[in-house]
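Notes for the one structure printed next.
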Amino acid sequence: MSTEMEESESAAHVLLLPFPAQGHITPMLSLAQLLCHAGIHVTFLSTEHNHRLLTQRRALSARFPTLHFESIPDALPPDQAPTIHSLHDISSSLRSVTKPLLRDLLITLAKKDDESYRSTTIRCPPLSCVIIDGIMCFAIDVAEEVGIPVLALRTVSACSFWCYSCIPDLIQQGQLPFQDQDMDHPIRDIPGMEALLRRRDLPSFCRMPIDHPSFKFFMEQIEAITRVSAIIFNTFDDLDPLILPQIATRFHKIYTLGPLHALLKSRVGDDLSSSVSSLRHEDRRCMAWLDSQQSGSVIFVSFGSLAKLSRVQLLEFWHGLINSGKPFLWVVRSDMLSSGQEERATPVELEDGTKERGYIAEWVPQEEVLAHKAVGGFWTHSGWNSTIEGIWAGVPMLCWPQLVDQQVNSRWVGEGWKIGLDMKDTCDRSTVEKMVRALMEEGDQREQIFKSVDNFAKLARHAVSEDGSSYKNLEKLIEDLNEKI
Ligand code: UDP
Ligand code: UDP
């Protein structure tokens, strides 16, 4: 056997298993590139649907020869994109259909002498570790069964994760389920955020009865994640100095590598665009429209890949935006509205204002948009990727959270980090107009917010630089993976 072959036999080989939704694929693919850049072999395992949508696979494998893409059936109709309503179906089909196939694949990849797999890959060493998305709990059972160490990448914020972890305590103390519906009632028993949260800021599933299947489903996840060897977070130490030590009291090994998209650029360089992980076609003409706008004048509105709006909500938002008088770039996905295209039609009274000041897109290169000098504010649903991308770009945020972790993130944006305004649980046109103006117009409030977000943007730059915490934590993770954890 050649020396090269021996070296490759001893190298680490990690299987990455993302949850099949955009906000989960993007950070996992950044992690994949970072590990491959350090010479680690990575098998990136997507469900068949997303595997097809990842059109940049070939370019990525050419750039990173140790990056292998594999797919696994998800038992969904070939053209079914995930929607927020189908996610639970996806999760159950992953459990029933994908789980046994994953077991077979792990057994095959773990074998030292498996010719069938070897013949299709470049000197790929046997599998030494699995990094799952933290919500793919079924994969923990499989990895344990096959005897392979398992780590989790948690794509939510550290503060949301910590809230999730404290939910069993809140139940024990009788704070959940809510005794009455006073949503502003303070929640004081989550260490590290004692004076911050109200009932309305808890993860959205806390609004359900605790015997609801979705609530139970999240409780299962909270329980299962305690079994992984380590957790990776897409945050940086200076963003969460109160929360990370709390998490460390219950989880003995954590790696903070955020912002992952920026760490990737810092370590690997800029030769592949941020769009490599996009599952949708991007409307790049919006960049030329932004070029034509004044510096700091545009509010960018994007609610991520899963959020749903009713026609009534859409209209309230639309009126509010037009009435604010600010130019806006708005991502309105066709699957964002319950019954499709006709709901997106522009009402007659909004036609002029939209033509004059608006650009409506199906999907945009969000990281590039946030970095554009014309963008002065970001109205977001507070998904964690969007939030950390906004922090990196130093753009003040207006938050309209809908689901799960977004409720916690928006509270942190508004009152924790003070880098934006929280508009949760409201959506009438006059509130929208008022909040957009408050975010975009000069004044003490905007100045304070701007100062704070600018400070975090600088701290984020330090975190991914050679002396920074995320950079060093990545080195540590690579070392641990090479030692097979
Ligand atoms: N979800 C799901 N199955 C899971 C985990 C999450 O269906 O195993 C759904 C959950 O109901 C939520 C969405 O996936 O609507 C996003 O989950 P999460 O908050 O964990 O991640 P995010 O996309 O907000 O980063
Ligand atoms: N995104 C994008 N173009 C868009 C809208 C969103 O590239 O037009 C990306 C965004 O940059 C982020 C991801 O989609 O990386 C959304 O993830 P997030 O966690 O914010 O929300 P989710 O989609 O999980 O609700």
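The values are calculated or read from the model by the stated rules, or taken from the named source; none is laboratory data. None of these values were measured; they are calculated from a predicted model. Heads up, the Cβs are rebuilt from the backbone with ideal geometry, glycines too, and the neighbour counts pull from every protein chain shown. All accessible areas refer to the heavy atoms of the entire protein, side chains included, with ligands and DNA or RNA removed. Shrake-Rupley method; radii C 1.70, N 1.55, O 1.52, S 1.80 Å.
General observations
- Candidate set: segment 174-226, residues that are in contact with a Cys (Cβ under 9 Å, 6 or more places away or on another chain) and of a type in the set (Asp, Glu); chosen: the one nearest to residue 423 (Cα to Cα): 201
- Checked against the criteria, residue 442 counts as acidic (Asp, Glu), under 19 Å from residue 300 (Cα atoms) and free of Cβ contacts under 8 Å to residues at least 12 places away in the same chain.
- Qualifying positions in segment 453-470 - part of a loop (DSSP other than H, G, I, E, B) and open to solvent by less than 30 Å² (accessible area, probe 1.4 Å): 464, 468
- Residues of segment 426-469 satisfying the condition of being closer than 15 Å to residue 256 by Cβ and touching a Ser or Thr at 6+ places or on another chain (Cβ under 6 Å): 463, 464
- Condition broken by residue 135, with the remaining ones in (1) within 16 Å of ligand 1 (Cβ to nearest atom); (2) open to solvent by 10 Å² or more (accessible area, probe 1.4 Å); (3) outside any loop (DSSP other than H, G, I, E, B) satisfied: (3)
- Look at segment 113-142: where a residue is closer than 22 Å to residue 155 by Cα and away from ligand 2 (no atom under 16 Å from the Cβ) and a partner is in a loop (DSSP other than H, G, I, E, B) and modelled with pLDDT under 80, sitting 6+ places away or on another chain with Cβ atoms under 6 Å, you get 129/485.
To keep it simple, each residue is scored yes or no on (1) out of contact with any helix residue (DSSP H, G or I) (no Cβ under 8 Å at 6 or more places or on another chain); (2) within 30 Å of residue 62 (Cα to Cα).
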site	(1), (2)
286	no, yes
293	yes, no
296	yes, no
304	no, yes
319	no, no
323	no, no
334	no, no
343	no, no
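- Members of segment 398-442 found to be within 15 Å of residue 184 (Cα to Cα) and of a type in the set (Lys, Arg), listed by number: 411, 424
- Filtering 343, 356 for residues that are among the charged types (D, E, K, R), touching a Leu at 6+ places or on another chain (Cβ under 8 Å) and either open to solvent by 20 Å² or more (accessible area, probe 1.4 Å) or at pLDDT below 95 (or both) leaves a single hit, 343.
- From 254, 210, residue being touching a helix residue (DSSP H, G or I) at 6+ places or on another chain (Cβ under 9 Å) and modelled with pLDDT of 95 or more: 254
- Qualifying residue in segment 103-113 (condition: at pLDDT 90 or above, outside any helix (DSSP H, G or I), closer than 24 Å to residue 48 by Cβ and open to solvent by 10 Å² or more (accessible area, probe 1.4 Å)): no
- So residue 281, is it away from ligand 2 (no atom under 11 Å from the Cβ), at pLDDT below 95 and open to solvent by 40 Å² or more (accessible area, probe 1.4 Å): no
- Output for segment 395-409, where each listed residue is in contact with a Lys or Arg (Cβ under 9 Å, 6 or more places away or on another chain) and within 15 Å of ligand 1 (Cβ to nearest atom): 399, 400, 401, 402, 406, 407
- Condition check for residue 3: touching a His at 6+ places or on another chain (Cβ under 7 Å) and either surrounded by 17 or more Cβ atoms within 10 Å (Cβ to Cβ) or at pLDDT below 85 (or both): no
- Restricting 412, 384, 392 to those that are within 16 Å of ligand 1 (Cβ to nearest atom), at pLDDT 95 or above, touching a Pro at 6+ places or on another chain (Cβ under 9 Å) and of a type in the set (A, V, I, L, M, F, W, C) reduces the list to 384.
- Enumeration of residues in segment 421-452 that are at pLDDT below 95, among the acidic types (Asp, Glu) and in a helix (DSSP H, G or I): 444
- Here is the figure for segment 430-444: residues that are over 20 Å from residue 295 (Cβ atoms) and open to solvent by 90 Å² or more (accessible area, probe 1.4 Å) total 2.
- Hits in segment 213-233 (condition: hydrophobic (A, V, I, L, M, F, W, C) and modelled with pLDDT of 90 or more): 219, 222, 224, 225, 228, 230, 231, 232, 233
- When 26, 43 are checked against the criterion of being among the hydroxyl-bearing types (Ser, Thr, Tyr) and within 14 Å of ligand 1 (Cβ to nearest atom), 26 stands alone in meeting it.
Here's the yes/no breakdown for (1) of a type in the set (Gly, Ala, Ser); (2) in contact with a Phe, Trp or Tyr (Cβ under 6 Å, 6 or more places away or on another chain); (3) away from ligand 1 (no atom under 16 Å from the Cβ):
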| position | (1), (2), (3) |
| --- | --- |
| 164 | no, no, no |
| 175 | no, no, yes |
| 204 | yes, no, no |
| 221 | no, no, no |
